[in-house]
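The values are calculated or read from the model by the stated rules, or taken from the named source; none is laboratory data. Keep in mind it's a predicted model, so treat the numbers as computed, not measured. Cβ sites come from the backbone with ideal geometry, for glycine too, and all protein chains shown count toward neighbours. Ligands, DNA and RNA are excluded from the accessible area calculation, which covers all protein heavy atoms including side chains. Shrake-Rupley method; radii C 1.70, N 1.55, O 1.52, S 1.80 Å.
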Amino acid sequence: MLVDRPAPSIQLPARAGGPAAGSARRRHGARLAPVVAFAAGVGLVLLYALRGGSYDIVVFEEYGLVIWWTLALGIAFGVLPRARPSRVVLLLLGALLAYAAWTALSLTWTASAERTTVEIARTLDYLGLVAIIALAVDRETWRSAAAGLGLGALIVCLLAVGSRLFPGAFPVDYVNKGLDISRLSYPFGYWNAVGAWGAMSAALGLIWSAHDGSAWRRSVALGLVPAAVLATYMSYSRAGVAALGLAAILALALSRNRPTALLHVLIAAAGSAIAILAVRGEPAIADGTGTRGAGVVVAMLLLAVVICAGVAFATLKLRSDTWSVPRSLSRPLLIVLALAVLVSGAAFGPRLASDGWHSFTRISVVVPTNPSQRLLSLSGTRYLVWKSALHAFDQNPFTGTGAGTFELWWNQHATTYESLQDAHSLWLQNLAELGAPGLLLIVLLAVAAVATGIVVRRRTRRRASAGISAAFLGAFIVFLANASVDWMWESTAVTVLALAGIAVISGRLSTPKPRLAPPVRGGLTLLALGAALLQLPGLLSTIDIRNSQAAERAGNGAAALADANDAVSAEPWAASSYDQRGTVLESAGELSAAASNLRTAIAHEPTEYTHWLLLARVQAERGDLTAAVSDYNTARRLRPRGYAFIFAPEFTLTRR
């Protein structure tokens, strides 16, 4: 019997560059893309956090330059966008762009073009970061990028704790050393930034660990929460500690696996308590005066990590995501809980609110001997600072004083001797500096970011993906809480973690890569190049000023003057560059030229008292005492409560 058989097929080798080779390259790229996204997430967090929180103008403008050049080149050569951003993240980008535009418009009325230019650059950096993430992260890579961000955030918490336990392995903390403060401030140079970062990281770990289906990711997420909590505690930040409570509430409110989330919150609280009690039992560690007891703290922290990681592993194996509370039991429990809250609030709320308000309005600048004591009080100077910000708004309700100029307002209207640059509140600072439109735009920006997180959370079906989106939404809400009472917007790394998290999870809603028409591609490239160029003046001027100062300290007057001239050329509207050139010329004995440069600095920044004080010194050296006294008195009027004038009365000249 004959049986029909198919003719044998011959497999020919694929030609280089043929369809088979292209398909192989695409598969390889698909496997590599998540790895690159994960590494980029970790690297982004560490780059911003470990350079002093990227607060320094040189650092964040360097990063801004790189971001915008990358965007320009990526768009020009068709590498970007990799995906079409969703509408909600486009709303966030639009809000950032509108806020940047209003900030730039304040150049027409600002008290300092130099300071306002810094704020323009800062906002453009945030805009560029969100844009590059939204254009680069897609449905295939967003989870990996989010995992990188989360792990990076928790690693920073470990490093912060390690800097207290093993200070010799870390850079010298000149901030704490100079101010003689025992609060944990590494790596941000500011203890409240450490507190905010720790609380955000705790929110990430708690929510992520309640949803992830991977045993090791789940265990790492919950296992490192005690390190985040301990970092927040050792910062002795009241806002940070309060934010930890908010993080726990958000873990329950935003999670789909609430029984698991509740168990993880309780276990993390217990593990963190073990570590905190160990620190409290070792005064040298608690006060930052030495390393005695570091071994005990490390052992207890490791114990807490192991307990939390073990519980996270156990809840996965026990399939806690299937646990639920019957409605017949949950509803009565909710009613009892609500009644307990209402009764407790009615019984104790008015008294607690009254005591809290009294403590908040009681001004105190005394640093307690035991740093943990400050966690039990609300006293400080925030009340006066916020009143001053509202006063600035009353005087300029539509325009404000100009972006970045609250310090100049505070110098003139301060009711304490405290030196401040910011109003210590994102909302009040925008009211003071950018008026009602500025507040409206920053609120719109915050709402757009929260809306993005909510939309991603609601549209995500898989529990693990929902947990990721909920984790970064929770972290952003914690950020907003801290930014409401401190200058977290200017603490660049903290804001980057918050905004980058929202931008990354928005990749879940992205659609396939769009085709950009040549005019659109060219226009976007030019816009990105323009944003990159805006980073240059302040960056170059600041570097030149610092080089000039270093040369002057080294006794190289010629180099100091050359660098000062370069600073003036790079940013001719900046008062600080003329200030520096004036001091260099003063050292060289060219007093007339020095006075001329200082007058130019005053013309650019007339309400900055230091320019007038320097000019008074130069006028005295020139022998013009009348001008010197007049300039000195002007400086004193611009900073009546400055430390420079505490023991110095207003001078008058008496002719004989």
Work out how much length Leu384 to Ala253 would gain on full extension: take 0.36 nm times their residue separation and subtract the Cα-Cα distance, in nm to one decimal. 43.7 nm
When the distances between all Cα atoms of region 164-269 are binned every 5 Å from zero, what whole-number percent does each bin get? 2, 14, 22, 20, 15, 11, 8, 5, 2, 0
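As an exercise, take the mean of 1/r over every pair of distinct alpha carbons in region 362-515, invert it, and state the Kirkwood radius in angstroms. Present the calculation step by step, with values, prior to reporting the outcome.
Values: mean 1/r = 0.0570 Å⁻¹.
One over the average 1/r among Cα pairs gives 17.6 Å for region 362-515.
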Consider just the alpha-carbon atoms of the chain and return their Rg together with their Dmax, both in angstrom. 28.3, 138
Calculate, for region 497-656, the solvent-accessible area per residue in square angstrom, rolling a 1.4 angstrom probe over the heavy atoms of the protein chains. 49 Å²
Enumerate the amide H contacts of Gly293 below 5 Å, restricted to partners 5 or more residues apart or on another chain; note that Pro and chain-start residues carry no placed amide H. none
Show the residues, 5+ positions off or on another chain, whose built amide H is closer than 5 Å to the amide H of Arg84. Thr511, Lys513
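Just how large is the dipole of region 102-172 about the Cα centre, in debye to the nearest 20, putting +1 at every Lys and Arg Cβ and -1 at every Asp and Glu Cβ? Intermediate results must be reported in sequence, preceding the final value.
Values: 5 positive and 5 negative charges, 45 e Å.
Using Cβ point charges on Lys, Arg, Asp and Glu, region 102-172 gives about 220 debye.
Counting only helical runs of four or more DSSP H residues, what would the 222 nm mean residue ellipticity of the chain come to if each run contributes -39,500 (n - 2.57) and the total is spread over all its residues? Don't jump to the answer; show the numbers that get you there.
On the way: 26 runs with 462 residues, N = 656.
Calculated at 222 nm, the ellipticity per residue is -24000 deg cm²/dmol.
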Give me the distance between the Cα centres of region 553-618 and region 300-323, rounded to whole Å. 61 Å
Kindly report, to the nearest 10 Å², the accessible surface of Arg617 as traced by a 1.4 Å probe over protein heavy atoms only. 110 Å²
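Roughly how many debye, to the nearest 20, is the charge dipole of the chain about its Cα centre, given +1 on each Lys and Arg Cβ, -1 on each Asp and Glu Cβ, and no other charges?
On the way: 55 positive and 37 negative charges, 691 e Å.
In total the dipole reaches around 3320 debye.
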Under the Karplus relation with 6.51, -1.76 and 1.60 and θ = phi - 60°, whole-Hz ³J(HN,Hα) for region 49-63, x at Gly and Pro, equal 6, 8, 10, x, x, 6, 6, 4, 4, 5, 5, 6, 7, 4, 5
Any idea how far apart Ala644 and Trp357 come out in nm if each label point goes 7 Å out from Cα toward Cβ? 4.0 nm
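Express the accessible area of region 190-240 per residue in Å², computed with a 1.4 Å probe while the remaining protein chains stay in the model.
On the way: 780 Å² over 51 residues.
Here the per-residue accessible area is 15 Å².
For the chain, give the percent of accessible area contributed by carbon and sulfur heavy atoms, probe 1.4 Å, rounded to a whole number. Let's see the in-between values first.
Details: 19900 of 30430 Å².
Summing carbon and sulfur atoms, their accessible area is 65 percent of the total for the chain.
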Rounding to the nearest 20 debye, state how big the charge dipole of region 438-514 is about its Cα centre with +1 on each Lys and Arg Cβ and -1 on each Asp and Glu Cβ. 720 debye
Please state, to two decimals, what the Cα-based radius of gyration of region 219-321 comes to when divided by 2.2 N^0.38 Å (N = residues). 1.13
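Could you state the per residue volume, in Å³, of the convex hull enclosing the Cα atoms of region 45-177? It would help to have the intermediate numbers written out before the result.
Numbers: hull volume 18.7 nm³, N = 133.
Looking at region 45-177, the number lands at 141 Å³ per residue.
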If I model a spin label at Phe398 and Ile274 as a point 7 Å from the Cα along the Cα→Cβ vector, what separation in nanometres do I get? 6.2 nm
Options Ser237, Leu154, Thr399, ranked by Cα towards positive dipole end of the chain, top entry (Cβ charges): Leu154
Per residue, what accessible area does region 69-158 have, given a 1.4 Å probe and all protein chains present, in Å²? 35 Å²
FRET efficiency for Asp624 and Trp109, using Cβ-Cβ distance with R0 set to 45 Å, rounded to 0.05: 0.85
Short version: ³J(HN,Hα) in whole Hz for each residue of region 280-288, in order, from phi by Karplus 6.51 cos²θ - 1.76 cosθ + 1.60 (θ = phi - 60°), x for Gly and Pro, what are they? 5, x, 10, x, 5, 6, 4, 9, x
